[in-house]
Structure formats: C-alpha cells, structure tokens
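Read-outs throughout are calculated quantities, based only on the coordinates presented, and are distinct from any laboratory measurement. Because the structure is a prediction, the values reported are computed rather than measured. We place every Cβ from the backbone using ideal geometry, glycine too, and count neighbours over all the protein chains shown.
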Ligand SMILES: NC(=O)c1ccc[n+]([C@@H]2O[C@H](COP(=O)([O-])OP(=O)(O)OC[C@H]3O[C@@H](n4cnc5c(N)ncnc54)[C@H](OP(=O)(O)O)[C@@H]3O)[C@@H](O)[C@H]2O)c1
C-alpha cells in the first residue's frame, strides 16, 4: 500500500473502486490531492492503489460497519497528512416496491447510504475544525427530489443526505468547513447498468440533454466543490442531471 505523502492535503473518497467514485478519486489526484480511496475488498483497494500510483492509496472500508470505520480511521491516523476533504460517494440500492420491500432491503440502504455518512463525518470533523478548513461532499441523487417507484428506501436515504448536508453546513460554517451535496442524474455505472434496454430508452427520452452523464462529469462538480474557489458555497446541492429535474 502506498504511504500517504507528508504535508499533502488528503482527500478521502469512499467507494473509489469503480463507477463515479473511481472518477472522483482520479480527478482529485490530478488536482493535487493525496487521495485515500476505499473499496469493500482488499482486491478493490489494491486496484485503487495501482490506479492512483504515487498520488494516493487504497484502503478497505465498509461504511455500514462501525468497527470497519473505526479501523479505517485508526490506520489513517498512523499515516502522514490529515483528511481535509471527505467525499461520501459509496452507496447502494435494493430496489423494490414498498409493499414488497423487506426490512433487510430497507435497512441495508438506510444504514449504508445515510448512517454510513454519520459514521464517516464525525471522525473527520474535529480535524477539519482544528485546521479551520475542510470540505465535505455528499453524493445524493436526482431521485431525492424527483422520487422513483421502487426506490422508496434509496430516495429516502438521498433526501435525508440533503437535509444532513444543510444542517451540518450551518453547524460548521464558522469554522471554515463547507458541506455540500452533488446530485447526479443517470450516470453510466454498474448501478445504472442493471437497468434493461427498455428502461434505459425510457429514461433517455426524459433527459433534455438526451444522454446519460459520465462519471467524469460528476467528478468535475465534486472537484469544484473541493477547491479553494468554492469556499463561499455551503449547504448546497449541485445537480448534475442533464436537465432531468430542475429546482
Ligand atoms: N450511477 C448513477 O446513475 C447514480 C445516480 C445518482 C446518484 N448516484 C450515487 O453516486 C454514488 C456512486 O454511484 P455508482 O453508480 O458509481 O455506484 P457503483 O458503481 O454501484 O459503486 C458503488 C461503490 O460503493 C462501494 N460500496 C458499496 N457498499 C459499500 C459499503 N457498505 N461500504 C463502503 N463502500 C461501499 C462499492 O465498493 P465495492 O466495489 O468494493 O463493492 C463501490 O466502490 C452512490 O452514492 C450513488 O447512490 C449514482
């Protein structure tokens, strides 16, 4: 595992093994951050380390497991550099109509997507407040505001993330820490790859820009919010959805 370089601004990106998270990790590394990217498996973490090379490292982390989060931060504390950027990207879906949704399907999504953020944010906040600089960026979704049949658990978790973003932004603004969300629309990834051709076609017809987005386009929004230039933006949700839903 590559060691985190001394004095670099460390950015933690959860779920960096694939999809949008992989794009975010690579973009932040290109922007000069030392990136700690996470995966749920050792193989995934090793692949992240290989992709990031000298600009970061890969670690294993399960945000649904408090012991795993504790171990992740304990290991991070041993490495040089403190996390001043946290991108809460990792997320899961377990789609089903609410009438048929099992407690497991409900609980997994809420515990990972929402409570996972609670577990991840608390350990980094103290560091950011001490540094009087920090960036927390949470991945929401267009369905937080639009809704989507079969995704009551997922939409609820993402709407809650936007509420958490606004409340926390107010709590830490005076300490130089900004908290924002990015809400992607339909982005090419394993998550959207699970849709069948007919579902995909229907979706494309509803997107004014007429195409799915790229992970790099979401990463560009995250990179902006992580930058110095975004220092006067907090509590916001930035839509990256091709016009699918306008606020
Ligand atoms: N794709 C879209 O169209 C879209 C739209 C709106 C919002 N989003 C949001 O954007 C984020 C990324 O989506 P994506 O499509 O790139 O997802 P994805 O391709 O399914 O990848 C999910 C990532 O999260 C990690 N992960 C899953 N469960 C985890 C856990 N318990 N602890 C830690 N990491 C975990 C996975 O790690 P492993 O590889 O180790 O499993 C993987 O790196 C998610 O929050 C998603 O809700 C996506």
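Pairs linking a residue in the range 99-118 that is touching a residue at least 40 places away in the same chain (Cβ under 8 Å) to a residue that is more than 14 Å from the ligand (Cβ to nearest atom) and assigned to a helix (DSSP H, G or I), with Cβ atoms under 7 Å and 6 or more positions apart or on different chains, are 101/152.
May I ask you to verify whether residue 44 is on the phi > 0 side of the Ramachandran plot and either crowded, with 21+ Cβ neighbours inside 10 Å or over 12 Å from the mean Cα position of the chain (by Cα) (or both)? When the stated conditions are applied, residue 44 does not pass them.
Looking only at the range 114-131, which residues are in contact with a strand residue (DSSP E or B) (Cβ under 8 Å, 6 or more places away or on another chain) and away from the ligand (no atom under 16 Å from the Cβ)? Result: 125, 127, 128, 129, 131. Counting only helices (runs of 4 or more DSSP H) that sit completely within the range 26-113, those holding 1 or more residues that are within 16 Å of the ligand (Cβ to nearest atom) and farther than 24 Å from residue 161 by Cβ correspond to 42-52, 66-78. Entry remark, the range 50-83: residues being under 16 Å from the mean Cα position of the chain (by Cα) and surrounded by 21 or more Cβ atoms within 10 Å (Cβ to Cβ) number 5 in total.
Selection of first residues in the range 154-170 that are free of Cβ contacts under 8 Å to residues at least 60 places away in the same chain and more than 10 Å from residue 140 (Cα to Cα) and of second residues that are more than 12 Å from the ligand (Cβ to nearest atom) and not in a helix (DSSP H, G or I), restricted to Cβ pairs under 9 Å at least 6 apart or on distinct chains, gives the following pairs, ordered by first then second residue: 164/179; 167/179; 167/235; 168/136; 168/177; 168/179; 168/235.
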